[in-house]
Amino acid sequence: MSDDQTNPLESKEFQILKVMKLVLTDVVKDTATQPGLKHPLSDRTIEGIRQCLKLISARERELKAAIAKNALLVGSANAQR
């Protein structure tokens, strides 16, 4: 059994989501401007980052819910033995 199957929180998908979330939030932090100054990123880019972060968070919740459901199923199967 591979590591991806034994711990889904270490799967490639979860790792990609985690890194993308970090990179996008770093971009936001690194390009933050003082009040009154024009932001270097376009409104479209800012909205795209927001949408990406929302999708990443939604997928992370789905993965965690699937992990919890799987743990319940495994626990229930083990209890029936």
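A few remarks follow.
- Contact map, segment 20-39: first residue assigned to a loop (DSSP other than H, G, I, E, B), second residue of a type in the set (D, E, K, R), Cβ cut-off under 7 Å, separation 6 or more or different chains; the map is empty.
- Taking (1) at pLDDT 95 or above; (2) among the hydroxyl-bearing types (Ser, Thr, Tyr); (3) surrounded by 13 or more Cβ atoms within 10 Å (Cβ to Cβ) in turn, Ser11 satisfies each apart from (1).
- Scan of segment 40-50 for residues that are surrounded by fewer than 10 Cβ atoms within 10 Å (Cβ to Cβ) and either of a type outside the set (Asp, Glu) or assigned to a loop (DSSP other than H, G, I, E, B) (or both), ordered by number: Ser42, Arg44
- Test: Ser2 is of a type in the set (S, T, N, Q) and modelled with pLDDT under 85: yes
- Subset of segment 30-50 that is within 18 Å of the chain's Cα centre (by Cα) and not aliphatic (A, V, I, L, M) - its residue that is farthest from Glu60 (Cα to Cα): Glu47
The values are calculated or read from the model by the stated rules, or taken from the named source; none is laboratory data. In this text, all values refer to a predicted model and were calculated from it rather than measured experimentally. So basically every Cβ, Gly included, is an ideal-geometry build from the backbone, and we count neighbours across all protein chains shown.
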